[in-house]
1. Quote the charge dipole size of the range 3-54 about the Cα centre in Debye, to the nearest 20; the model charges only the Cβ of Lys and Arg (+1) and of Asp and Glu (-1).
2. Roughly speaking, what is the stretch gain from residue 260 to residue 18, that is 0.36 nm per residue apart minus the C-alpha to C-alpha distance, in nm to one decimal?
3. Based on the mean of other Cβ atoms within 10 Å per residue, sort peptides 102-113, 74-85 so the most packed one is first.
4. Which of the listed residues, 254, 151, 88, is farthest toward the dipole's positive end in the range 57-273, when Lys, Arg count +1 and Asp, Glu count -1 at the beta-carbon?
5. For residue 177 and residue 218, FRET efficiency with R0 = 45 Å and r from the beta-carbon atoms, rounded to 0.05?
6. Let me have the 222 nm mean residue ellipticity of the chain computed from DSSP H runs of 4+ only, each contributing -39500 (n - 2.57), with the sum over all residues rounded to the nearest 500.
7. Suppose R0 equals 51 Å; then what is the FRET efficiency for residue 247 and residue 134 from their Cβ-Cβ distance, rounded to the nearest 0.05?
8. If you count, for each residue, the other Cβ atoms within 10 Å and average over each peptide, how do 142-148, 264-270 line up from highest to lowest?
Amino acid sequence: MDIWFTENHTEGYKVSWRIDKILHSERSPYQEIAVVESPDLGRALLLDNTVQTTTRFEFIYHEMIAHVPLMLHPRPQRVMVIGGGDGGTVREVLKHPAVETVELVEIDERVIEVSKEWLPQISFALDSEKVNIKIVDGLQYVKQHASRYDVIIVDCTDPVGPSLELFTKNFYRDVFNALKADGIMVSQTGSPTFSSHFTEAVKGIQEVFPHSSPYLTCEPTYIAGFWSFTIGSKKYKFDNINSDRMATIETRYYTPDIHRAAFVLPKYIEQMIK
Ligand code: SAM
């Protein structure tokens, strides 16, 4: 059997990798969900033919989306994750001893169930008693709570269908209101090189939060080159890391030096967001 998965990133740029086995495939009310086995990436979760996470490289994305905002907050007790149904972000959030509760706000219950069945090393933390799962649209849920969260992490799909509005200034304003006076948010904001929504998303966060910046990583699962996250903070700046906490947090990618380096932007990316 010689099956290749191809993801179309733009009209003229596709990336393909070989699949050994299709382990699961279904259509949920929101999207096509599949789990496949790749000789090079391990198990991969695909939503609407777009790779979300792979067991070989997920630690890079999940550590960077979770530890950068959490290490800047002196006492992150109440955290919300929007999207993130595979559980990888929640797993990293729970490594912080101060965290008392994580609300996982995922629109598609089937992503959670499929991840629990096929990706246990990513999803196991979803069973923690600190995790409160809400199967609702994050866009609506965030509007219902004012000044409540220390950290909000937007770990959503790229802006198509139900996640389209999660990249708008109106949504970032609702996130701002849901955060406490010293709250911090982060969102995955795609590839600065190939995602057409990158600049608008960064500018939306810049306009709403007094302190904001994209930061970068390289994750071989995604499109070539840099992958971006954008952080918005009401109070804390981005180099004030509570690194004493590192003694109790086990990571494979994140370190305080990686944290600082991630905020150094190449000149062409700085120019894209001016
Ligand atoms: N790391 C991933 C990537 O490749 O960008 C994202 C992972 S996670 C699986 C994305 C999740 O966001 C999906 O399970 C999807 O159902 C969820 N999602 C999309 N729109 C949403 C919304 N409006 N509210 C809550 N969850 C949403």
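1. Values: 5 positive and 8 negative charges, 19 e Å.
Roughly 100 debye for the range 3-54.
2. Values: separation 242, 0.36 × 242 = 87.12 nm, distance 3.54 nm.
Difference between extended and current length: 83.6 nm.
3. Working: 102-113: 21.2, 74-85: 23.4.
Averaged packing, sorted descending, gives the order 74-85, 102-113.
4. Farthest towards the positive pole: 151.
5. After rounding, the FRET efficiency stands at 0.85.
6. On the way: 9 runs with 73 residues, N = 274.
Estimated from H runs of four or more residues: -7000 deg cm²/dmol.
7. Numbers: r = 33 Å, r/R0 = 0.64.
Once rounded, the FRET efficiency stands at 0.95.
8. Details: 142-148: 15.0, 264-270: 11.7.
Ranked by mean Cβ neighbours within 10 Å, highest first: 142-148, 264-270.
Values quoted throughout were computed directly from the atomic coordinates according to the rules given, and no laboratory measurement underlies them. As the structure is a computational prediction, the values presented were derived from the model and not from experiment. Every residue, glycine as well, gets a Cβ built from its backbone with ideal geometry; the counts of neighbours run over all protein chains shown.
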